[in-house]
Amino acid sequence: MTPITREELYLALITTGEGEIPEAITRVEQYLSAIAGEGDPPEYPITRVEHYLAAISQQDFDYPAPITRIEQYLYAICGDGDAPTPITRVEHFLYDWAVNGAASFPDGIRIVKHTLEVADDSKTVWDVESTTLTIDDGTPASVLEVDGTTLEVSAGA
């Protein structure tokens, strides 16, 4: 999907890694720009959405339980919960980010957890920080192949 708005442009840059980052105007754009690898985020989040973006950009701020649909996507990007089925254009970009991750993050910025569906319908949670992959049904496994990439797996709780 081709981005139309500035917010969509930032989200497309984060998910594809392609394009140029425009100069941030709003506080949300400052966060998205920092996540995309350009500039620094605002020092303190003010809104609920900014709290999520601060957490995603590795600032030491907690984020609330999601209320709105946008917050549900950001919650999923933070590694908690699942992203709902997208309805709006912005939701499609956020869904892509929540499900497929970012194209590339600058050093120190990572999605902490990512849920993968595997062939037997079990779900796995990939913790990028510790590079562990946990199968939630406890099925013992030593190797899992995902999109042609072989990952070492240990059975988890």
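Taken together, the values in this text are just the output of simple stated rules run on the coordinates, not laboratory data. Just so we're clear, the structure is a prediction, and the values are computed from it rather than from any experiment. Note: ideal-geometry Cβ built from the backbone for every residue, glycine included; neighbour counts use all protein chains shown.
Each Lys or Arg adds one and each Asp or Glu takes one away; over the other residues whose Cβ falls under 10 Å from the Cβ of residue 28, this sums to -1.
Each residue in 93, 61 was given a count of other beta-carbon atoms within 10 angstrom of its own, and listing them fewest first yields 61, 93.
In this simple spin-label approximation, residue 18 and residue 103 carry label points 7 Å from Cα along the Cα→Cβ vector, and these lie 0.7 nm apart.
Summarising the amide proton neighbourhood of residue 103: residues at separation of 5 or more, or on other chains, whose placed amide H is nearer than 5 Å comprise 15, 16, 17. Label-to-label distance for residue 40 and residue 2 is 3.8 nm, based on points extended 7 Å past Cα in the beta-carbon direction. For the pair residue 62 and residue 27 in one chain, pulling the backbone fully straight at 0.36 nm per residue adds 10.8 nm over the alpha carbon distance. Computed across segment 6-100, the Kirkwood hydrodynamic radius from all distinct Cα-Cα pairs reaches 13.2 Å.
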